[in-house]
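Please read the structure below before turning to the comments.
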Ligand code: 26V
């Protein structure tokens, strides 16, 4: 029945929406037809959700984020609609393979990493829980760059997902707002009037986001930039065709490309414009919606919650005040109080170089009225707290500090793991916390089990359903029901058979794409995440070299076979991260081609790690590397995905690792390294690196091999920079944690040799990860920040 309907709808869309005849349709055409047929089935719940929210005048949540790292959509939609098997069967009737079509979909890669993927998980969880919500972001024409390796070096090429038709979006040309920049501010009858010098149009594109079992659907509204004037007809008529198109080009530049650097803030005008473009469009849209059913804005904060995903959308605060004061004639103090009631701010990093600051000159030039309002906010805060220290001012040292602005504008500020939230309190916002006790709270991150278990690991998902029954996807604490089975040899065999099948699939894929043979019986040791010094991929690759060296010195010895898997991109301008990538690839080349090593050690680094690759690699991992310098990784979410899929963690007490270890049990987690406090102490010893290296023969040998050019014979000095930094500027304490890391890795080997013990530990990881469902995170936000309730 449903299968027949779906088949007919696919054929209908193939013919009337795609305009193709089945005999001549490509897999792209079939995928479009499938997408439209699935999308049709979201529309009813989507309308129903919107109607219900309106009718009941529910509090609504607006999640503002410069990034939404969605990944592929077709399979996720099919799963949440409960139509995956139906779609598979319907397509089979039509001679098409569901998995092949789904695999052909480009990733929507509108994000850099953890922060953007978190926003995508949260959108899915809000829809699953029935939290009336909207995501606001930018419809980047080009998402995160594609990564290739050329002779081991990262090369970036533009990503172009929108050159294909995007079947999941509804263009809303009627929903458009004017966004101003520059110009000047005059006083007219005692009121400020901003006359922008430039304007662009923000035009809406909506994507429905459907929750588990299709019970609720929310909207992700992405803004595209359009020119206010299409082209300069006068110039065109004069024959100056390029100049005529200039206004259009300039405007469209704003939503052209995602900033690919999530490591350092750069103070670029285009980035500031992107941030204001998104924030202003969102706030205008929020106020328009609200005023459709309310008299005035005086009770806005009772009906509207606005969440800032880091400081990137922080101009939403001043923009909200500007519209209330300048356009709706509200008193500043009232506007300030209402805005604070609406706003929440999530901090995602403590790294000073990633904290946003804008020069007052740039802010005053690009957004002159907002600069005034920011000064008013700062002055009001200073008046309310006459003895506030100068260090908490929003404007200081000719810079606007977006963290302080966000803090002062929000009624709740949160970190993303228990450890991180504690550090936000005790370090970054220490003084502000004293002035506003209780404002800083913790909401530990989470991941959606629909994508990260049901979709990515269907074998494990089916085994779980057979063992504890259906429905755990929406109630992940039920995984606890697996615990008794961790002592059941039959269950553990099946658990490990699933893992083995996932590893075999990755092994085939690695062999086909990289030409490297890896045995599915070896331990798959996985580190996948952006390349950053604080994440310490360098420590992992140095340990890999040490292992290789160990095998070379003792070729007849017994070693536990390992496949070291790396995945991740470097920011294009981050030279040190790029050197580390080069090193990993050089080490892979030497190790993989060393006949003496054989299956005992392999290094694979598939290029262009993205959401889809994560969905393939994570279910095949035995070991999860979460080895950041303690105090630096705000939370991590890959750590959760890996543990949920039955990988054991080797990790430091950083970010959410701390809570993962508490949940899965210290005996099922390989802990090593200094604590965040010890890191601070250790750095006070100026000779920390030299002392650690001199105390560790293996590490000294590794650095010696690198210095000799053992991994770069064609350019022996290639890694002198890395060696020199290790000895003299080891800011992330790779050397100081190295010996303990080796100790923990040896324990990993011993545990892996005991197949039964390993299986039990892995199964207990899966069983105890329920807490890390993003449904729990969203419920925390609803209760502690948004004051919102489920409409289901
Ligand atoms: C920073 C910047 C700097 C300015 C230019 C563009 C840009 C884009 C993104 C970022 C984000 C840096 C913060 C971040 O990604 N934090 C990560 O957030 C994850 C979700 O909470 C968390 O799991 C990771 O530990 C944390 O590094």
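Nothing in this text is a laboratory measurement; each read-out follows from the coordinates by a stated rule. Owing to the predicted nature of the structure, the values given are computational and were not obtained by experimental measurement. Every residue, glycine among them, receives a Cβ derived from its backbone with ideal geometry; neighbour counts consider all protein chains shown.
Give me Rg/Rg_expected for the range 702-771, where Rg uses Cα atoms only and Rg_expected = 2.2 N^0.38 Å with N residues. If you can, show how the numbers build up before the last one.
On the way: Rg = 18.5 Å, N = 70, 2.2 N^0.38 = 11.1 Å.
After normalising by residue count via 2.2 N^0.38 Å, the value is 1.68.
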Need the full-extension length gain, residue 466 to residue 296, defined as separation in residues times 0.36 nm minus the C-alpha distance. One decimal, nm. 55.8 nm
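At a Förster radius of 41 Å, what calculated FRET efficiency corresponds to the Cβ-Cβ distance of residue 186 and residue 104, to the nearest 0.05?
Details: r = 55 Å, r/R0 = 1.35.
According to the calculation, E is roughly 0.15.
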For the range 369-390 versus the range 586-614, the gap between their alpha-carbon centres in whole angstrom: 54 Å
Project the alpha carbons of the range 548-589 onto their principal axes and report the range along each, largest first, in whole Å. 44, 16, 13
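Which of 278, 640, 539 comes first, and how do the rest follow, when ranked by fewest Cβ neighbours within 10 Å?
Working: 278 27, 640 30, 539 23.
Ascending Cβ contact count within 10 Å gives the list 539, 278, 640.
Among 18, 193, which comes first, then next, by fewest other beta-carbon atoms within 10 Å?
Details: 18 20, 193 12.
Neighbour counts put them in this order, fewest first: 193, 18.
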When the helices in the chain are scored as -39500 (n - 2.57) per DSSP H run of 4 or longer and the sum is shared across all residues, what 222 nm value do you end up with, to the nearest 500 deg cm²/dmol? -14000 deg cm²/dmol
From the Cα gyration tensor of the range 464-529, with a ≥ b ≥ c the square roots of its eigenvalues, which class applies: rounded if a/c is under 1.5, or else prolate if a/b is larger than b/c, or else oblate? prolate
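For residue 40 and residue 504, FRET efficiency with R0 = 35 Å and r from the beta-carbon atoms, rounded to 0.05?
Details: r = 37 Å, r/R0 = 1.06.
Working from the Cβ atoms, E equals 0.40.
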Based only on the alpha carbon positions, what is the Kirkwood hydrodynamic radius of the range 248-342, in angstrom? 14.7 Å
How big is the range 308-443 on each of its three principal axes, counting only the C-alpha atoms and giving the largest first in Å? 42, 30, 28
Rg and Dmax in Å for the chain, alpha carbons only: what are they? 26.9, 89
Cα-based Rg of the range 532-673 per 2.2 N^0.38 Å, rounded to two decimals? 1.07
Calculate, for residue 387 and residue 193, the FRET efficiency according to 1/(1 + (r/R0)^6) with r their C-beta to C-beta distance and R0 41 Å; round to the nearest 0.05. 0.70
Calculate, axis by axis, the spread of Cα positions in the range 95-233 along the three principal axes, and write the results as whole Å, longest axis first. 68, 48, 33
Using the Cα gyration tensor of the range 27-77, with a ≥ b ≥ c the square roots of its eigenvalues, what is the shape: rounded (a/c below 1.5), prolate (a/b larger than b/c) or oblate (neither)? oblate
Over the Cα atoms of the range 449-774, what radius of gyration and what Dmax do you get, in Å? 19.3, 59
Pairwise over distinct Cα atoms, reciprocal of the mean inverse distance: report the Kirkwood radius of the range 1-64 in Å, one decimal place. 13.7 Å
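Kindly identify the range 533-606 as rounded, prolate or oblate by the Cα gyration tensor criterion: order the square roots of the eigenvalues as a ≥ b ≥ c, call it rounded if a/c is under 1.5, otherwise compare a/b with b/c, prolate if a/b is larger, else oblate.
Values: a/c = 2.58, a/b = 2.26, b/c = 1.14.
Here the range 533-606 falls in the prolate category.
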Kirkwood-based Rg to Rh ratio, the range 638-792, C-alpha trace: 1.11
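Taking only the alpha-carbon atoms of the range 442-488, what semi-axes of the equivalent ellipsoid follow from 5 times the gyration tensor eigenvalues under a square root, in whole Å, largest first?
That gives 19, 14, 9 Å for the three semi-axes.
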In cubic angstrom per residue, the convex hull of the range 397-523 built on its Cα atoms measures 216 Å³
Whole percent per 10 Å bin, from 0 to the bin with the longest distance: what is P(r) over all C-alpha pairs of the range 499-552? 21, 37, 40, 2
Using alpha carbons only, how many angstrom separate the centre of the range 328-354 from the centre of the range 662-686? 34 Å
Can you tell me the length gained on complete extension of the stretch residue 50 to residue 161, counting 0.36 nm per residue apart and subtracting the Cα distance? 37.1 nm
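With the convex hull built on the Cα atoms of the range 666-732, state its orientation-averaged projected area in nm². Walk me through the numbers on the way to the answer.
Details: hull surface 24.0 nm².
The orientation-averaged projected area of the Cα hull of the range 666-732 comes to 6.0 nm².
Once Rh for the range 1-149 is found with the Kirkwood sum over Cα pairs, what is the Stokes-Einstein diffusion coefficient at 37 °C and 0.692 mPa s, in µm²/s? Show your work: numbers first, answer last.
On the way: Rh = 17.0 Å.
Answer, rounded: 193 µm²/s.
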Zone residues, the range 595-617, relative to residue 512, backbone N less than 18 Å from point 7 Å out along Cα-to-Cβ: 605-610, 612-617
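Starting from the Cα-Cα distance between residue 12 and residue 351, subtract it from 0.36 nm times their residue separation and give me the gain in nm to one decimal.
Numbers: separation 339, 0.36 × 339 = 122.04 nm, distance 5.27 nm.
Fully extending the segment from residue 12 to residue 351 adds 116.8 nm.
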